[in-house]
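The values are calculated or read from the model by the stated rules, or taken from the named source; none is laboratory data. Keep in mind the model is a prediction, meaning the values are calculated, not measured. All Cβ positions, glycine included, derive from the backbone under ideal geometry; neighbour counts span all protein chains shown. Keep in mind that these areas ignore ligands, DNA and RNA; they rest on the heavy atoms of the full protein, side chains included. Shrake-Rupley method; radii C 1.70, N 1.55, O 1.52, S 1.80 Å.
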Amino acid sequence: MMKLRRRQLFVLLALLALLFSACGTRPEEKAPKIAVEEFFKNPEKFSWRISPDGEYASYLSPHNGHTNVFVQKISDSVGVPVTNDTVRNIYRYQWKGNRIVYLQDVGGDENFQMFSVSADGKDLKALTPFPKVRTEIFDDWRDIAGKEKEMMIGLNKRDNRFFDPYSINIETGELKVLFENDKNYDSWFTDHTGVRRIASKTDGVNTTYYQRATEAAPFDSFLTTTYKDQFAIQFFTFDNKNIYVSSNIGRDKTAIVEYDLAAKKEVKEIYANAEYDVDGLSYSEKRKVLTHASFTSWKRENHFLDAETEAEYKKMQDKFKGYEIGIYGNNNAEDKFVVWTGNDKVAARYYFYDKKTGDTKFLADAFPWLKEENMATMKPVEYKSRDGLTIHGYLTLPKGYEAKNLPVVINPHGGPWARDDWGFNNEAQMFANRGYAVLQMNFRGSTGYGKEFWLKSQKQWGKTMQDDITDGVQWLIKEGIADPKRVA
C-alpha cells in the first residue's frame with residue numbers, strides 16, 4: 001500500500017510538473033550578466049548584398065581595425081576583404097555590375113568621395129578625388145541598357161551650395177555634366193529609363209515639386225506642399241507617365257496613391273490603412289508589377305499586391321518561424337536573395353535564399369556573442385493619456401524576474417518626429433539584463449499614426465507630450481509593474 005501511494009504521488013508530481021510547464025508558470029532563469037560593451041560593439045558581419053549575377057555576396061566586417069567590404073562566392077563560407085581602409089569605417093557601398101562602389105570621407109568631414117573596386121579587390125579607383133567636394137549617389141542606373149558602367153551622382157564641385165547631376169563611369173571615372181543646377185533643386189527623381197523627370201526644393205517649411213516630360217524639356221512646378229503634408233515619391237509607373245506616392249494630402253493617414261503628373265492630381269488609391277500611415281511601396285523590376293505596400297503597426301507589416309510575391313514570402317516565413325523576415329537584396333534575375341531575419345531577441349541573421357530550389361544557406365549572425373536565450377522579451381503595450389489619447393509603446397521585461405515592483409527605465413525616442421517600433425533594441429536589452437524593466441512609448445507627435453496624432457505635438461514640447469510619458473509611468477505603477485520609488 002505504501003509503495004502504491006508513493007507511486008501515485010510520483011505520478012501526481014510528474015503531472016503537475018508537466019502542467020506547470022505547459023502553462024508557462026515555471027519562472028524563467030535569470031540571464032547571466034553581460035558586459036555593457038557587448039551590447040554596443042560593431043556587428044561582426046552586416047549590410048549584406050548580392051551581386052547582380054547572383055554568384056557573389058558581400059558584407060561589411062572589421063579589417064585592419066576598421067569596417068571594410070568583404071566579398072565571397074555564394075558557395076563559400078568565408079569572404080575576403082576587397083577594401084583596406086585603415087583610417088575610417090566604410091558604411092555606404094553597393095554593387096554595380098561586377099564592381100563594388102563605395103563612398104568614404106576623410107577625417108569625418110562628410111565630403112564623401114566615390115571609389116570603385118573589382119570583386120577580387122583589384123583595380124581600386126578613386127573616382128571623385130576632389131577636395132572639399134561631396135559626392136552623392138542619385139541613381140545607380142541598374143538594368144538600364146547602355147548604362148552598364150555608369151551611375152548618376154551629384155557633386156557640389158561647381159558651387160558648394162548646389163549639387164549638379166553628373167554621369168560617371170565607375171571604371172574610368174569619366175564625368176559628364178547632366179544639368180547645371182542653378183535653381184538649387186535639392187532632390188531628384190528618375191523614371192525607369194534613368195531620366196531625371198522630377199526635382200524638388202524647399203524653403204524649410206514648404207516644398208515645391210517640378211516635373212518635365214522629357215530630358216530636353218524645362219522643369220515646371222506641379223505641386224507645393226506645406227510642412228503638414230506628406231508627399232513621398234516612391235517611383236514612376238511602369239509606363240513612365242505617372243508616379244506612385246505615399247501621401248496624406250486630403251486624408252489623415254498616408255496612403256499609397258497614383259498621381260497624374262499631367263493632370264496634377266491624385267487619380268487612384270493603391271492601398272490605405274485605417275489605423276497607420278502606409279509609407280512604402282515595392283515592385284519587381286523584372287516583371288514590372290507592384291509587389292507590396294508596407295506600414296508599421298506594432299511591427300513592420302506588408303500588404304501584398306502580387307500573388308507570386310506573397311507566396312514567396314510565405315515560403316520564407318515558414319522556413320523562419322518565430323522571426324520577422326526582410327529582403328536585403330536580389331540578383332537581376334530576381335531568383336536569388338539575401339534574407340534578413342530577426343525579432344526582439346535577435347538583431348540580425350542573414351541567409352541566402354534560392355527561389356528556384358527553395359534552398360536556404362546561413363550566411364552570418366551579426367552579433368553572435370549575444371545569445372538569443374539570454375535576451376529579454378519586448379511586448380507591445382498601450383495605455384490612455386490623461387486627456388484620452390491611446391498611446392502605443394513597448395515594454396521590455398527582465399528575463400527571470402516577476403513583472404512586479406520592478407525598477408524601471410523610461411526610454412523615449414528622439415526626434416521627436418519619429419517613432420519606436422518592435423524589434424531588437426540594444427539599450428533596452430542592456431538595461432533588462434541588469435534587472436530593469438524598460439518602457440518606450442510613441443507619445444503624441446510620433447510618426448506613423450496619422451497627421452492628427454502628429455500635429456497634436458505642435459507647441460506641446462515639454463507639455464502634453466511630456467504628460468504622455470508621465471502617464472506611461474503612472475500606468476506601470478497602477479499595473480503593479482513599476483516600483484514608484486525606482487523609476488528613471
Extreme residue, farthest from residue 247 (Cα to Cα), among residues of the stretch 446-488 that are crowded, with 17+ Cβ neighbours inside 10 Å and among the small types (Gly, Ala, Ser): 482
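Yes or no, residue by residue, for (1) touching a Ser or Thr at 6+ places or on another chain (Cβ under 6 Å); (2) surrounded by fewer than 16 Cβ atoms within 10 Å (Cβ to Cβ); (3) not in a strand (DSSP E or B):
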site: 259; (1), (2), (3): no, no, no
site: 263; (1), (2), (3): no, yes, yes
site: 273; (1), (2), (3): no, no, yes
site: 290; (1), (2), (3): no, no, no
Scan of the stretch 412-433 for residues that are open to solvent by 30 Å² or more (accessible area, probe 1.4 Å) and either under 18 Å from residue 487 (Cβ atoms) or touching a Cys at 6+ places or on another chain (Cβ under 9 Å) (or both), ordered by number: 412, 427, 431
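So which strands (runs of 3 or more DSSP E) stay within the stretch 69-156 end to end and still have 3 or more residues that are open to solvent by 50 Å² or more (accessible area, probe 1.4 Å)? Lay out the reasoning, then the answer.
On the way: elements: 92-96, 99-104, 113-118, 135-139.
Counting at least 3 such residues, we get 135-139.
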Single residue of the stretch 161-181 satisfying the filter (assigned to a loop (DSSP other than H, G, I, E, B) and farther than 20 Å from residue 132 by Cβ) that is least open to solvent (accessible area, probe 1.4 Å): 170
I need a count of the residues in the stretch 295-309 that are part of a strand (DSSP E or B), buried (at least 18 other Cβ atoms within 10 Å of the Cβ) and among the polar types (S, T, N, Q). 1
Within the set of pairs 6+ apart or on separate chains, which have a first residue in the stretch 170-193 that is within 20 Å of residue 101 (Cα to Cα), a second that is assigned to a loop (DSSP other than H, G, I, E, B) and open to solvent by 90 Å² or more (accessible area, probe 1.4 Å), and C-beta atoms under 6 Å apart? 170/149; 171/149
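Taking residue 443, is it surrounded by 16 or more Cβ atoms within 10 Å (Cβ to Cβ) and either over 29 Å from residue 324 (Cβ atoms) or out of contact with any Lys or Arg (no Cβ under 9 Å at 6 or more places or on another chain) (or both)? Lay out the reasoning, then the answer.
Numbers: surrounded by 16 or more Cβ atoms within 10 Å (Cβ to Cβ): yes; either over 29 Å from residue 324 (Cβ atoms) or out of contact with any Lys or Arg (no Cβ under 9 Å at 6 or more places or on another chain) (or both): yes.
So residue 443 fits the description; yes.
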Sort out which residues of the stretch 194-233 are open to solvent by 50 Å² or more (accessible area, probe 1.4 Å), closer than 23 Å to residue 293 by Cα and out of contact with any Lys or Arg (no Cβ under 9 Å at 6 or more places or on another chain), and write them in order of number. none
